[in-house]
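Here the structure comes first, spelled out in C-alpha cells, and everything after it is commentary.
No lab work stands behind these numbers, since they all come straight from the coordinates. Just so it is clear, the model here is predicted, and its values are computed rather than measured. Note that each Cβ is placed from the backbone with ideal geometry, even for glycine, and that neighbours are counted across all protein chains shown.
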Amino acid sequence: MDPSWLMDERAFAGDEHLDPGFVAAYDRKQGTVPDDAAAQDLAILRAHGVGAAATVVDLGAGTGRFVATIAPHVARVIAVDVSTPMLERLQQRLDAMDLTARVEVVRSGMLRYAHRGGPADAVHCRNVLHQLPDAFKVVALDRIARMLAPGGVLRLRDLVYDTTPDRLADHLEAWFATAVADPAVGYTADDLATHVRTEHSTFTWLLEPMLERTGFEIVDRVVHRGAYAAYTCVRRPSGP
Ligand SMILES: C[S@@+](CC[C@H](N)C(=O)[O-])C[C@H]1O[C@@H](n2cnc3c(N)ncnc32)[C@H](O)[C@@H]1O
C-alpha cells in the first residue's frame with residue numbers, strides 16, 4: 001500500500017499526456033525525426049559500457065522513441081510510463097518494428113515502479129522529471145540510484161532554468177522567443193508559458209545538488225538555450 005504522503009503521479013503527469021488526441025500527435029510535435037537525441041543517448045550509454053548484456057530502464061518512456069532506439073542493442077529494456085495512451089502508442093511502435101519481444105512494458109509512475117531482476121546498468125529519463133515537485137524529484141532520483149548497479153549510468157534530459165533568480169523573467173522571455181508558431185510541429189510560446197506555470201522545472205543549481213545528494217557523479221552536462229539540459233551521471237560505488 002502507498003504511504004499516505006506519496007503524491008498522485010497521474011494527477012501530475014500532465015493532462016495532455018493522458019489525452020489520446022495529444023498522444024496521437026505527440027511524435028510530430030516533438031519535431032525531430034529521426035530522433036537525434038535518442039541516437040545521441042544510445043551512443044553515450046554505449047560509450048559507458050552499456051552493451052549487449054545490459055538492462056536499461058526508460059522512466060516516462062512516452063511513445064517509445066528511445067526504447068525503440070536502444071532495444072536492438074541490449075539484453076533487457078523496461079519501458080515505464082504512467083499514461084495508458086502513451087503506452088498504447090509505444091506498443092504500436094514496438095509491434096511495427098518487431099521489437100515487442102525485446103521490451104517489457106510497465107504502466108507505473110516512476111515513484112512506484114518496483115524494479116525486479118538484476119540491477120539496471122542504465123536508466124534513461126527524458127523530459128519527465130519536471131512533472132514532479134522538487135522533493136519528489138529527490139525521491140525519484142534516490143529510487144533510480146537504488147535500481148542501478150554501482151557504476152551504472154543515468155542519462156537525464158529535462159527542461160530547466162539555467163539562470164539566476166534575478167534574470168529569470170528575461171531568461172523565460174528569451175526562451176519563449178525561440179518557440180515555434182505552429183503547435184503541430186513544436187512547442188509554442190503559449191505552450192512554454194503553460195509549462196512554467198503548471199509544471200515543476202527547476203533551476204540547474206537546485207537540480208545538480210539533488211543528483212549529487214542521491215549518489216550520482218555528473219560526468220557530462222550540456223544545457224541548450226539555458227532550458228534543455230542533458231546530464232550523464234554515474235552512480236557512485238558508495239551509492240545513495
Ligand atoms: C514529455 S513526455 C516525454 C516522453 C519521452 N520520454 C520522450 O522523450 O519522448 C513525458 C512523459 O512522462 C510521463 N510521465 C509523467 N509523469 C510521470 C511519472 N510520475 N512517472 C512516469 N511517467 C510519467 C508522461 O505520461 C509522458 O509520457
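A few comments on the model shown:
- Test: residue in segment 150-169 that is without any contact (Cβ under 8 Å) to a residue 60 or more places away in the chain, in a loop (DSSP other than H, G, I, E, B) and acidic (Asp, Glu): no
- Total residues in segment 115-131, condition outside any strand (DSSP E or B) and more than 13 Å from the ligand (Cβ to nearest atom): 5
- Against the list (1) polar (S, T, N, Q); (2) crowded, with 21+ Cβ neighbours inside 10 Å; (3) under 12 Å from the mean Cα position of the chain (by Cα), the condition Asn127 fails is (2).
- Pick from segment 63-78, criterion within 15 Å of the ligand (Cβ to nearest atom) and not in a helix (DSSP H, G or I), ranking: nearest to Val106 (Cα to Cα): Ile78
- Filter result for Arg146 (under 25 Å from Ala54 (Cβ atoms), assigned to a helix (DSSP H, G or I), among the basic types (Lys, Arg) and touching a residue at least 24 places away in the same chain (Cβ under 8 Å)): yes
- Residues considered: Glu104, Glu16. Of these, the only one that is under 19 Å from the mean Cα position of the chain (by Cα), surrounded by fewer than 17 Cβ atoms within 10 Å (Cβ to Cβ), within 11 Å of the ligand (Cβ to nearest atom) and not in a loop (DSSP other than H, G, I, E, B) is Glu16.
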